[in-house]
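One structure is given here, and the rest of the page talks about it.
Readers should treat all values here as calculations from the given coordinates under stated rules, not as data from a laboratory. Bear in mind the structure is a predicted one, so any value in this text is a computation, not a measurement. All Cβ positions, even for glycine, are placed from backbone atoms using ideal geometry, and neighbour counts span all protein chains on display.
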Amino acid sequence: MNRFISLLAFLLIIVGSGAQAQERKFSVYAVGFYNLENLFDTCHDEGKRDYDFLPEGAYKWNGRKYASKLDNLARVLADMGTDVLPKSVGCAVIGVSEVENAKVLDDLTARKPLADRGYKYCHIEGPDSRGVDCALLYNPRLFTVRDVKLVPYVQSLAKDSNFHTRGFLTVSGTMAGEHVTVVVNHLPSRFNGSFYREQGGRQLRQLKDSLLREDPAVKVIVMGDMNDDPMDKSMAVELGAKRNIKDVGDGDMYNPWWDILAKEGRGTLMYNGGWNLFDQIILSPSLLCRDGKKDYSTLKYFKHQIFTRDYLFQQTGKYKGNPLRTHAGGVWLNGYSDHLPTIVYLVKEQK
């Protein structure tokens with residue numbers, strides 16, 4: 001374990017100058033999220049609306065298309081994090097959404113680039129009527145799982161008692177010798193109205209607060225397809241995810257994705273020619289260097305990125321520059337996803 005972690009200690013910061021220069025070594029951990037866009041197998045799951053992804057369904061989903069989808073996604077997942085970390089390392093954990101069941105996760109992690117790193121996964125079958133869940137892929141050499149639970153999304157209106165949607169996959173574990181809990185979620189779609197995402201933001205905040213009551217030292221990472229942008233009410237108000245580190249109070253969180261969309265105009269999915277940034281990774285205060293202090297003696301946020309490669313985009317035609325998805329207009333494009341992945345990098349000084 002220690003010998004493997006030492007491979008990550010390539011980030012060097014030189015403090016001072018001349019004879020007083022001091023070399024400090026840091027271990028780096030990449031934490032990612034990726035919406036896999038309808039990772040379905042070719043078999044019907046009882047009680048789920050997966051009919052479009054059957055051989056006789058709308059997408060004529062068959063073994064060849066499924067295998068190609070797995071290969072494509074495995075390529076992306078293996079490449080994530082390698083802009084900073086060695087190609088043999090990649091991400092320590094990756095939250096994913098829109099997976100049908102444990103079988104597709106078995107098939108995905110068996111693909112060579114992921115199997116070579118020994119990726120495992122956490123998954124609990126949820127109540128979503130379409131049959132899509134969230135999961136967490138993890139490298140057991142970098143993240144040790146303590147506990148896994150699926151916290152349900154709770155409806156507050158009687159009329160919604162039969163509206164079942166994805167819950168909050170909550171994985172508690174150890175990273176860099178510290179207690180880290182990752183919450184992977186996929187909030188209700190925009191078709192359902194903002195109320196349901198705002199309700200989800202409140203529940204995420206309540207979940208985060210409960211985790212901190214159980215262990216005030218836990219470092220909480222909330223990630224997922226929020227179906228909202230960072231400045232929308234569900235994130236900025238209900239979850240309390242702030243734009244700037246200086247504004248993050250003890251009961252708040254930090255959302256590093258705000259300026260990428262608001263200032264740079266970049267996002268993770270495109271709709272009607274414009275970018276949205278639904279795929280966010282949001283951090284509790286204990287993961288931040290606050291008050292201008294650069295203290296990396298414990299695991300801290302270092303940087304973030306929307307992960308891009310040329311192969312993830314359409315290269316020609318009307319939708320050039322859009323994410324290259326699996327299907328469009330009923331045509332199989334043999335692509336990846338309608339979303340781009342996101343990554344945050346955490347660092348800890350080696351002693």
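Here are some notes:
- Summary value for region 247-286: 47 percent relative contact order, contacts being C-alpha pairs under 8 angstrom separated by 6+ residues.
- Estimated inter-spin distance, ARG141 and ALA217, nm [label 7 Å along Cα→Cβ]: 2.7
- Taking the chain as a Gaussian network of alpha-carbon nodes connected by springs under 10 Å, the highest mean-square fluctuation of the residues ARG130, ARG64, ARG205 belongs to ARG64.
- Low-density loop cleavage sites - trypsin sites (Lys or Arg not before Pro) in region 237-339, where at most 10 other Cβ are within 10 Å (DSSP): LYS263, LYS293, LYS294, LYS318, LYS320
- Label-to-label distance, nm, for residues given as LYS233 and SER68 (7 Å Cα→Cβ offset): 4.3
- Computed lengthening from ASP52 to SER297, 0.36 nm per intervening residue step minus Cα-Cα distance: 83.2 nm
- Of all lysines in the structure, those lying under 21 Å Cα to Cα from LYS233, and not within fewer than 8 positions of it along the same chain, are LYS208, LYS242, LYS246, LYS263.
- Candidates LEU277, LEU261, LEU169: whichever shows maximal mean-square fluctuation once the chain is modelled as a Gaussian network with Cα springs under 10 Å: LEU261
- Size of region 199-250 from its Cα atoms: along the principal axes, largest to smallest, the extents are 29, 25, 15 Å.
- Angle between the chain longest axis and helix 194-214 axis [Cα atoms, degrees, rounded to 10]: 40
- Each label was represented as a point 7 Å from its Cα along the Cα-to-Cβ direction; for ARG309 and GLU23 these points are 3.2 nm apart.
- Rounded if a/c under 1.5, otherwise prolate or oblate - region 146-303, Cα gyration tensor axes: oblate
- Hydrodynamic radius by Kirkwood, which averages 1/r over all alpha carbon pairs of the chain, in angstrom: 20.8
- With contacts taken as Cα pairs under 8 Å at a separation of at least 6 residues, the chain carries a relative contact order of 17 percent.
- Candidates PHE168, PHE195, PHE53: whichever shows maximal mean-square fluctuation once the chain is modelled as a Gaussian network with Cα springs under 10 Å: PHE195
- Over region 114-269, relative contact order from alpha-carbon pairs under 8 Å, at least 6 apart, %: 16
- Ellipticity at 222 nm from helices only: DSSP H runs of n ≥ 4 in the chain, each -39500 (n - 2.57), divided by the residue count, give -5000 deg cm²/dmol.
- Antiparallel bridges, percent of DSSP beta bridges restricted to the chain (to nearest 5): 80
- Using a Förster distance of 30 Å, the FRET efficiency for LYS351-ASP83 (Cβ separation, nearest 0.05): 0.65
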